[in-house]
Amino acid sequence: MDAPEVPLEEIAYGLTVSSTNKAHMCPADDGGYGLLSVPRDAPSSHIFSGVRWSNKLTAVSQLKALSDCNIGISIGKIMNDIDEPGDVVRLARRLMHSRNSCSSQDNSSGNIKDDVLELPSSGIRGSSMFRDANATNENVCQYTWEALLDLKVITRSNEKCFCLRIDYDNNMER
């Protein structure tokens, strides 16, 4: 999966919407999308026809393909996906920002921002995302966090703080 920060409530909402013969898409900040849920009977040979893959217009062209098939669409939260090594570093920065209560991490290239779109008021709230006992009440998948630690993208600098070890944006190791 190239969008490890997809909220569980978006997945649940997508499944709910797709059972009503609509699609649900969460666009990615790079022009693609991180989640697409389609109705079971959607014509797979047509709903991906003409989509501009790996392009800043991927999400827009996917929306057009769905619309051309007369499939209604709901749009979810804008998210970040992982396509390039620098995307992993930006993911690590976002996760460190949420965990480091004692850190003054530089956010100049982390692109940490609030979501522009909110979930429709469908009653789907509450998440059973894995919570790490050391996290600062943030919903973070423990497997994503552990992978970043195992790969040494993030290292522990002391008992409470984490630091970025590799910075692909600046092509350097810290």
When you check ILE75 against the structure, is it at pLDDT 95 or above and either hydrophobic (A, V, I, L, M, F, W, C) or open to solvent by 30 Å² or more (accessible area, probe 1.4 Å) (or both), yes or no?
yes
Taking the range 39-60 only, how many residues are aliphatic (A, V, I, L, M), touching a helix residue (DSSP H, G or I) at 6+ places or on another chain (Cβ under 7 Å) and farther than 30 Å from GLY86 by Cβ?
1
Tally the residues that are open to solvent by 50 Å² or more (accessible area, probe 1.4 Å) and not β-branched (Val, Ile, Thr), restricting the search to the range 1-35.
10
List every residue pair whose Cβ atoms sit under 9 Å apart, with the two residues 6 or more apart in sequence or on different chains, where the first one lies in the range 149-161 and is open to solvent by less than 50 Å² (accessible area, probe 1.4 Å) and the second, anywhere, is hydroxyl-bearing (Ser, Thr, Tyr) and assigned to a loop (DSSP other than H, G, I, E, B).
CYS161/SER101; CYS161/SER103
Output yes when any residue across the range 93-104 is at pLDDT 75 or above and among the hydrophobic types (A, V, I, L, M, F, W, C), and no when none is.
yes
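The values are calculated or read from the model by the stated rules, or taken from the named source; none is laboratory data. The structure displayed is predicted, hence computed values, not measured ones. When we count neighbours, we look across all protein chains shown, and the Cβ atoms used for this are built from the backbone with ideal geometry, even at glycine. Accessible surface areas use protein heavy atoms only, side chains included; no ligands, DNA or RNA. Shrake-Rupley method; radii C 1.70, N 1.55, O 1.52, S 1.80 Å.
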